[in-house]
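Just below is one structure, and these are the notes that go with it.
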Amino acid sequence: MTDHPTGDVPDGEFSHRELSSADPSSDDPSSAGLSSHELPLADLSLQAFNERALGRMFRTMLIVGAVLVAPAFWKYKAAGAIGFAAGAAVSCINFRALQRSVEALAERIVNQQSPEKGGSIVFRFLVRYALVGAAAYAIFNSSALAFHGFLWGLCLPVAAMMIEAGVETWAAFRKK
């Protein structure tokens, strides 16, 4: 046992008093009375790995989008490949915008003194979908093949999420 601010508590354990003062809705280990030096090293590395998931998904979207332009060209010719590239670009921009919107909304909810206004966050959220709809409408009116490619490009986040699920599953089993 070591000297502990709340009494004699063995290393790696925490008292009930530390838990009761913690925010139960937080996933942050420090809010549960655990500091990062009290978590096992394997948990810290897995937590750090999971925190980088959005960056990995964005890079995966870029790579998969670049790789799939050739099959789109083969299946739908130039118009379809251009439509696919446009859909992939819209997906990447939309993914980043959604990420920023969710972070801003979470900041707004957690921090009541946030400079971000809730209405502006929702407005940006809705404008994003209006722009996707406008792009789809313009492409649909220009070429049916380009529209098919565009729709496939919009599915890029799904591929990135599936790949990320596989990566995280592999990492979880590798740690055990």
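Coordinate-derived values only; no laboratory data. Quantities reported herein were computed from a predicted structural model and do not represent experimental measurements. In this analysis, Cβ positions are derived from the backbone assuming ideal geometry, glycine residues included, and neighbour counts consider all displayed protein chains.
Observations on the model:
- Rounded to the nearest 20, the Cβ-based charge dipole of region 47-175 about its Cα centre (Lys and Arg +1, Asp and Glu -1) stands at 140 debye.
- Local charge for ARG128 was computed over the other residues whose Cβ lies under 14 Å away, with Lys and Arg +1 and Asp and Glu -1, and equals +3.
- For a paramagnetic label modelled on LEU126 (point 7 Å from Cα along Cα→Cβ), amide N atoms under 12 Å away are absent within region 60-97.
- HN-Hα J in Hz across region 164-170 - Karplus 6.51, -1.76, 1.60, θ = phi - 60°, x for Gly and Pro: 5, 4, x, 5, 5, 5, 4
- Cβ-based net charge around TRP152, under 15 Å, with every Lys or Arg adding one and every Asp or Glu removing one: +2
- Across region 68-176, Cα-Cα pairs more than 21 Å apart make up 52 percent of the total.
- Net charge in the neighbourhood of GLU164 (other residues with Cβ under 11 Å of its Cβ; Lys, Arg +1, Asp, Glu -1) is +2.
- Label zone (VAL110, point 7 Å along Cα-to-C-beta; backbone nitrogen cut-off 19 Å) within region 48-87: 48-55.
- With both labels modelled 7 Å from their Cα along Cα-to-Cβ, the ARG100 to GLN47 distance reads 2.9 nm.
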